[in-house]
C-alpha cells in the first residue's frame, strides 16, 4: 500500500478482497466435501448415497475458488491501486450495516415493532438529522401501520416483546 | 391452435372477476412502487409478499404477484429517466438515452416511449407464451429424469456461456446455490446433510430468504456506499405529449421487432432481462442511422432496451410454466410460490390446472394494458416518492425486508440469515459475482439433484444415460457447447490477435 497508487490506510483494495473471498469459497467447498464424505458418496444398494451429488458440487467449488484466487494472484501487480471501497465509502456502508445488526438483536429482545421504531428513529436522527417531531411521527407511525396490516388485517403473527404483551397481544 | 384460443377465452373469464381485477391493480401499484424504490425490486418484492398469499386462491395470488412483476418492470424506467438512477438492473441501459432526454425537457416523451415499448415487448412475449407454451408443455410430457436433468444442465450452462461475468464466478455462484440447497434433510435417503448439529439448519435454507437478503439488503448497502442523492428533472406527462410520441413510435418498428426477438430469446434461455436490455441497446446503436448520436437523448435508445427488458422479463415465465425452470430470479420466486400453493410446475400443469394457467396468461394481457395506463397517469406521484430522503426510506425498507424474511417460516433465525445474505450480496455484487445463478440453483437444487439421482438409478450409475437417445444427447451437447463457449470465444480472440487481423469492434 504505497502512497503513489492513491491507496490510503483504511481503504480496502480489490485484490485482497478478491483473494479473501475466493479462499473463503475454497473453504466452503472443502466443508461441503468433508460433510459429503461423512454421509457417504458411494453407491448403496438402493441407489446413490446422500453425499453423491453435493460431493461434486463441493469439488467444483474448490476448483473454481482456486482458479479465481490463482488468476487474482497472477495479475496481482496489475491490480495495484484498484480500490474495492475507500474509507469514505465504507463509512456509510457500516453506518447502515451496524445499526441493522443491532436491530436484528433487538428484535429478539423486544419484538419487531418496538425494535423497528427504535431503528427508524435512530437512523433518522443520526443519518438524516431530522427534527424530533418528524422522527417521532415516522418511527411510530410505520410500526403501527405494519401492526394493523399484519396482526389485524392479515392475521400474521410477527415476533412480539414485553410492550405488546402489556397491551394484551 | 384453436383449442388454445378457446382456453385463453376461458382464462379471460377467470381473470376478469371483481376480485381478480382488484388484485391486479394492487399488484401493479405495489409493483411500480417497488420498481421505483432502491433496494426493493421484482424478485424480493414478490418474495416479501409471497407469505401473505398463502391463504389466497392460487389463481388470485399468481395474478397479483405477476402483476407486481409487470409493475416493477414498468417502474424501473421512471427513475432511470428522471433521476439517472436505475430502479432495477434492467433499466441501466435506459439511462443512457433516457436521462439526457429528461434533461433536455423531454422527460414526458422519454417516459411515454419507455412505457409504450415496454408494453409492446411484453405483448410480444405474452403472444409467444400463448401459442408456444402449450406446444412446449405437450412436448415436455415425454421427458423422463435424464431429459429434465439435461434441461436443467442446459439452463445453468447458458448462464456460463451467455453471462457477462467471468465464467468461474458464475460457476461459483451456482455451486453455492446448489450447496445451500443441499443443507438439511435429504428427501431421498432421510440423511441430515451439513447441519452440523444445528436444529435451525434442519429445514435448510429457503431461497426466499436468500432473495430478500441478496437483492434487498445487499442493494441498500450498495446504495449507501454510492451516497445516494436524488437530483432529477420534473416528471410531467400530459395527453398531448403521449399522443405526439405515439405518432413517432411506429417509425422504430424495426428496432422494436429486433428488441422483441432478443428479449424473448434471452428470457426463455435464462439470460435474463438485464443482458437482454444491454444487447438490444448495442444492436440498435449498430444498426441505427443515428447510431453515433446514441447517448445524447435518442428516442430509439430508450425503445430498444425497454422493449427487450420487458420481453425478456415476461417470456421468462414460459420455461417456468412449461418445464418448471424459471428464466429469471423473479420467475424463480413465482415458481417457489407455485410449489407453496400446492401446484407442481411443469408440463402436467397445463393438463391438471388449466384454469390456473390460462387465467395467468389472460391476466398477463390485462395486467400489461392496465399497467401502461396506470404508469402513464401516475408518473408525478412516483416522482414525488423519490424525493423522500433516503435516511427515511432506507430503514423502512430494511424493516419491510426483515418482516418479509420472518414471515416465510415464522423463524427469527431467518432474519439473521437475511443479514448474512445481505453482506454476501454486497461483496458479490462489487466483485462481479452474478447473483441470479445462485438463486436459481437454490430453487432448482433439489429438483436437479432428484432428476440426477433418478437418472443414475435407472442407468446404475452410468453417466452415458445422458447420451442415450437423440433428444437427451442433443440437449446435453447444446449445454456443453454453451459451457465451453467462453473458452472458444477467448481462443478465437487470441488467434485473431496473433494472426494480426483486426478484431471487429
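The values are calculated or read from the model by the stated rules, or taken from the named source; none is laboratory data. Owing to the predicted nature of the structure, the values given are computational and were not obtained by experimental measurement. Cβ placement follows ideal geometry from the backbone for every residue including glycine, while neighbour counts extend to all protein chains displayed.
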Exercise. Of all residues in region B:429-440 being in a helix (DSSP H, G or I) and more than 17 Å from residue B:334 (Cβ to Cβ), which is nearest to the other protein chains (Cβ to nearest Cβ)?
Worked result: B:430
Exercise. Closer than 26 Å to residue B:420 by Cα, at pLDDT below 90, surrounded by 17 or more Cβ atoms within 10 Å (Cβ to Cβ) and out of contact with any strand residue (DSSP E or B) (no Cβ under 9 Å at 6 or more places or on another chain), is that true of residue A:99?
Worked result: no
Exercise. Among the residues of region A:52-92 satisfying the criterion of being in contact with a strand residue (DSSP E or B) (Cβ under 7 Å, 6 or more places away or on another chain) and either in a loop (DSSP other than H, G, I, E, B) or within 7 Å of chain B (Cβ to nearest Cβ) (or both), which is surrounded by the fewest Cβ atoms within 10 Å (Cβ to Cβ)?
Worked result: A:82
Problem set entry | Count of residues meeting criterion [more than 8 Å from chain A (Cβ to nearest Cβ) and modelled with pLDDT of 80 or more] in region B:223-240 | 1
Seminar exercise, completed: From the option list B:406, B:426, single residue qualifying as modelled with pLDDT of 85 or more, closer than 30 Å to residue B:167 by Cβ, at the interface with chain A (Cβ under 8 Å from one of its Cβ atoms) and buried (at least 22 other Cβ atoms within 10 Å of the Cβ) is B:426
Problem set entry | Answer residue from region A:1-51, given it is assigned to a strand (DSSP E or B) and more than 21 Å from residue B:183 (Cα to Cα) and is modelled with the lowest pLDDT among those | A:12
Problem set entry | Among the residues listed as B:418, B:456, B:447, B:476, the single one being in contact (Cβ under 8 Å) with a residue 12 or more places away in the chain and at the interface with another protein chain (Cβ under 10 Å from one of its Cβ atoms) | B:418
For this session: Scan (1) touching a residue at least 60 places away in the same chain (Cβ under 8 Å); (2) more than 22 Å from the chain's Cα centre (by Cα); (3) more than 14 Å from every other protein chain (Cβ to nearest Cβ) for the single condition residue B:370 breaks and write down its number.
Result: (2)
For this session: Determine, yes or no, whether residue B:398 is away from chain A (no Cβ under 13 Å) and crowded, with 24+ Cβ neighbours inside 10 Å.
Result: no
For this session: Search region B:62-84 for residues that are at positive phi and pair each with any residue that is outside any helix (DSSP H, G or I) when their beta-carbon atoms are under 8 Å apart and the residues are at least 6 apart or on different chains.
Result: B:84/B:232
Problem set entry | Answer residue from region B:323-344, given it is buried (at least 24 other Cβ atoms within 10 Å of the Cβ) and not in a helix (DSSP H, G or I) and is modelled with the lowest pLDDT among those | B:327
Exercise. Surrounded by 15 or more Cβ atoms within 10 Å (Cβ to Cβ), at pLDDT below 85 and in a helix (DSSP H, G or I): does that describe residue B:485?
Worked result: yes
Exercise. Does region B:183-199 contain any residue that is in contact with a helix residue (DSSP H, G or I) (Cβ under 8 Å, 6 or more places away or on another chain), assigned to a helix (DSSP H, G or I) and either more than 22 Å from residue B:484 (Cβ to Cβ) or more than 14 Å from chain A (Cβ to nearest Cβ) (or both)?
Worked result: no
